[in-house]
Amino acid sequence: MARRVPYPVLLLVFFLWLPELLIAANTTPSPKPGFQGIPWGSALAEFSQLVLVEPDGRVDIYAYKEGPPKFANEPVDFIKLYAIDAQFARVMIRYRNEKTHNRIKQTLESEFGKIRHSPGSMIRGLNQEYSWRLEDTEISLSYRELGERGLLTIQSRILAPRFLELLSDH
């Protein structure tokens, strides 16, 4: 004769395993912190696809050798990579037109999740602001409808505060 497991024991086992099952179901590999395969903190001078365009000593600005630059499969005005104290810390991308803006926003949402609007943020109108705050990376997207200009900033949450320290030194 087969023994039946008491119902309360089954419930107990289920609830003990439930958190592990939920964690396993929700874990997605997070993107490597950095930009297009270049990790935060890297020495940008070591990447052959980059060229130093604005040497400053403390803050050096690099650009891609090959152009014209593209992001999210759309042409952009520029992509600049910033190193502070020889460590890669920030990317700035400037672009024009609403089509490019929508494509960049869509790409960021698909990679980093839907935009969570904070109080006071603008999602329509003349100035639009969007942001994503990840474990190691902070992303800020600004678009001005007047003139159809956008700026995307992607930066290391650990290294980017050094830019503020540099400003306070002056």
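The values are calculated or read from the model by the stated rules, or taken from the named source; none is laboratory data. Since the structure is predicted, the reported quantities are computational estimates derived from the model, not experimental observations. In this analysis, Cβ positions are derived from the backbone assuming ideal geometry, glycine residues included, and neighbour counts consider all displayed protein chains.
Can you tell me how many residues within region 84-106 are in a helix (DSSP H, G or I) and either surrounded by 15 or more Cβ atoms within 10 Å (Cβ to Cβ) or at positive phi (or both)? Working first, answer last.
Residues of region 84-106 in a helix (DSSP H, G or I): 98-106.
From the residues that got through so far, the ones that are either surrounded by 15 or more Cβ atoms within 10 Å (Cβ to Cβ) or at positive phi (or both) too are 100-101, 103-105.
Of the residues in that region, 5 qualify.
With respect to L126, determine if the residue is exposed (fewer than 12 other Cβ atoms within 10 Å of the Cβ), modelled with pLDDT under 95 and within 22 Å of Y62 (Cβ to Cβ).
On the way: exposed (fewer than 12 other Cβ atoms within 10 Å of the Cβ): yes; modelled with pLDDT under 95: yes; within 22 Å of Y62 (Cβ to Cβ): no.
When the stated conditions are applied, L126 does not pass them.
Here's the yes/no breakdown for (1) more than 23 Å from E145 (Cα to Cα); (2) hydroxyl-bearing (S, T, Y):
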| residue | (1), (2) |
| --- | --- |
| I38 | yes, no |
| V51 | yes, no |
| Y64 | yes, yes |
| I79 | no, no |
| Q87 | yes, no |
| Y95 | no, yes |
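Tell me which residues, restricted to region 56-65, are touching a strand residue (DSSP E or B) at 6+ places or on another chain (Cβ under 9 Å), closer than 11 Å to A86 by Cα and assigned to a loop (DSSP other than H, G, I, E, B).
R58
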